[in-house]
């Protein structure tokens, strides 16, 4: 692994089951959606790391409720953030929303694996 690489942990859960799967990916770049007209970079991080429902997941021939969550398993030495400024609606449109950030970015504990 390179010196910059962090590790993102992806957990997949089927609701009502104690079983879950965990996958790890090396990453030092996060691609964040801009979520509203004016927001803070922390708002974009919250959206990236929030629990995501998996629609239409099939288990043993039945549709069940499932979700996945992301978190840092290992923080990178250098974190690059890509803000998704373009959307595609009958062509490419550039978003002009403002995203505010401080000189120092604090990664909240809720975005980090408790194992870290």
At a threshold of 8 angstrom on Cα-Cα distance, excluding pairs fewer than six apart, so keeping six or more, what relative contact order does the chain reach in percent?
33 percent
Expressed in angstrom, Rg and Dmax over the Cα atoms of the chain are 16.5, 51
Ordering of 29-36, 50-57, 76-83 by burial proxy (mean other Cβ atoms within 10 Å per residue, highest first):
29-36, 76-83, 50-57
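The numbers here are math on the coordinates, done by the rules we state, and not lab data. As the structure is a computational prediction, the values presented were derived from the model and not from experiment. Cβ coordinates were reconstructed from backbone atoms using ideal geometry, including for glycine residues, and neighbour counts include every protein chain displayed.
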